[in-house]
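Contents: one structure, followed by commentary.
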Amino acid sequence: MKSLLSAWPFWALLSAAFAALTAIFAKIGVENVNSDFATFIRTIVVLFTLGAILLGTGQFQPLDSLAPRTYAFLVLSGLATGASWLCYFRALKLGNASQVAPIDKMSVVMVAVFGVLFLGEKLSAPNWAGVVLIAAGALLVAYKP
């Protein structure tokens, strides 16, 4: 069990499962409320949940233990997350979850491209084929004639 808990595929699959539940729960949740307010409520829940986890596991770190560069990129990541959530909830308010979620997963394609462009990551031909298939799959799942 310990090896499972330290394996990235385990956590990635859990992330995908929770992301799927997020889409379903959010679609129902935004039905009778402004999507931005729904995002605000969700953010409060996430904040308190993570705070409880950190408190319960003793993982809080002193704020001065982080470098300014770390803070800068965590703030940028937080701003991008907030923008993503606002856009995602707005899209769910306006569209079908079965169409919104696959387009949202185009982020996988964008991460691959951004990783190559900005992080110097290398993708092999089979990796690029997978990126193309993910993009095509997302568009095909989202397509409604």
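The values are calculated or read from the model by the stated rules, or taken from the named source; none is laboratory data. Note that this is a predicted model, so its numbers are computed, not measured. Cβ sites come from the backbone with ideal geometry, for glycine too, and all protein chains shown count toward neighbours. When the accessible area is computed, the model is the full protein with side chains, heavy atoms only, and any ligands, DNA or RNA have been set aside. Shrake-Rupley method; radii C 1.70, N 1.55, O 1.52, S 1.80 Å.
Values computed for the structure shown
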{"quantity": "Qualifying residue in segment 116-125 (condition: farther than 22 Å from Ile28 by Cβ, over 18 Å from the mean Cα position of the chain (by Cα), of a type outside the set (A, V, I, L, M, F, W, C) and open to solvent by 80 Å² or more (accessible area, probe 1.4 Å))", "calculated": "yes"}
{"quantity": "Check on Ala52, closer than 22 Å to Ala17 by Cβ, modelled with pLDDT of 95 or more, exposed (fewer than 14 other Cβ atoms within 10 Å of the Cβ) and among the small types (Gly, Ala, Ser)", "calculated": "yes"}
{"quantity": "Single match in Leu133, Leu63 (criterion: hydrophobic (A, V, I, L, M, F, W, C), closer than 28 Å to Thr39 by Cα and open to solvent by 50 Å² or more (accessible area, probe 1.4 Å))", "calculated": "Leu63"}
{"quantity": "Residues (of a type in the set (D, E, K, R), over 15 Å from the mean Cα position of the chain (by Cα) and under 11 Å from Phe89 (Cα atoms)) located in segment 1-46", "calculated": "Lys27, Glu31, Asp36"}
{"quantity": "First in segment 28-40 and free of Cβ contacts under 8 Å to residues at least 60 places away in the same chain, second anywhere and in a loop (DSSP other than H, G, I, E, B), Cβ under 6 Å, 6 or more apart", "calculated": "Ala38/Val30"}
{"quantity": "Neighbours by Cβ (under 8 Å, 6+ apart or cross-chain): first from segment 109-122, part of a helix (DSSP H, G or I); second open to solvent by 100 Å² or more (accessible area, probe 1.4 Å) and modelled with pLDDT of 95 or more", "calculated": "Val116/Lys122"}
